[in-house]
Amino acid sequence: MMKSYLLQTMKELALLGAIKNKIEISSLELSKKMKSSQQTSSRYLLELDKKGMITRELGIKKQLIQITSIGAEVLKEEFMQYQQIFELTDKIQFTGRIISGMGEGRYYTEQNGYVNQFKEKLGFVPYPGTLNVEIEHIERNKLRLLKNHNAIIIEEFETKNRTFGGVRSFHAKIGNVEGAIVLPLRSHYSNILEFISHHFLREKLNLEDGDEVKVVIYLSE
């Protein structure tokens, strides 16, 4: 998690043009922008440099500073979060950790009633099983946003032995792999996201229990 004062420092540098170009600035000038002491501003720059967020060179009289691609990505993530707060965005991002399930995902994703609908409505036949992503409790609040958007409905169906419930689904992505999130219609949202894909994701993305991943859920069909 980026410390707030480092994030603010990068914002000030970015507003001066440090994402696309090297800017010439002294720690004293930065301190006036930050409303802090010169010593404090120098420390902030040192921390950002150590984290690989900025590069620093000695100019004739001042430092030449530029935000790295790593730093720019952090700012972009911050921007997306604010955009999600104030605008109607077309996607929601969750951060969570991989956990093992009870094996039920494989059973359900192998049922023809689901498989045929996944193929028709989502555009792929899932690899048997689900990848379970445990999100932090506070991130569950974002799931409420899904209730306000039209999901891709996988209808319930019956076999000789039982009835299988309907599912709300959304196109989603983990890393560069596309798939979908499936949410049972008749249950409350939990802190476990179930991700399906036509790939065996643990192998495709080299994932193990405890690994942190980002899940992007798309709100438009």
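If you take the residues in the range 154-211 that are of a type in the set (Ser, Thr, Tyr) and part of a strand (DSSP E or B), which one is nearest to residue 111 (Cα to Cα)? By that ranking, first place goes to 163.
In the range 19-31, the residues that are in the same structural domain as residue 63 (by TED's automatic domain parsing) and over 11 Å from residue 56 (Cα atoms) form Cβ pairs under 7 Å with partners that are polar (S, T, N, Q) and assigned to a helix (DSSP H, G or I), at six or more places apart or across chains, as follows: 27/38; 27/41; 27/42; 28/38; 30/41; 31/38; 31/40; 31/41. Taking the condition surrounded by 18 or more Cβ atoms within 10 Å (Cβ to Cβ) and at pLDDT below 90, does residue 131 pass? Answer is no for this residue. In summary, residue 174 fulfils each of the numbered conditions (1) touching a strand residue (DSSP E or B) at 6+ places or on another chain (Cβ under 8 Å); (2) over 13 Å from residue 217 (Cα atoms); (3) surrounded by 14 or more Cβ atoms within 10 Å (Cβ to Cβ) with the single exception of condition (2).
The values are calculated or read from the model by the stated rules, or taken from the named source; none is laboratory data. The structure displayed is predicted, hence computed values, not measured ones. We place every Cβ from the backbone using ideal geometry, glycine too, and count neighbours over all the protein chains shown.
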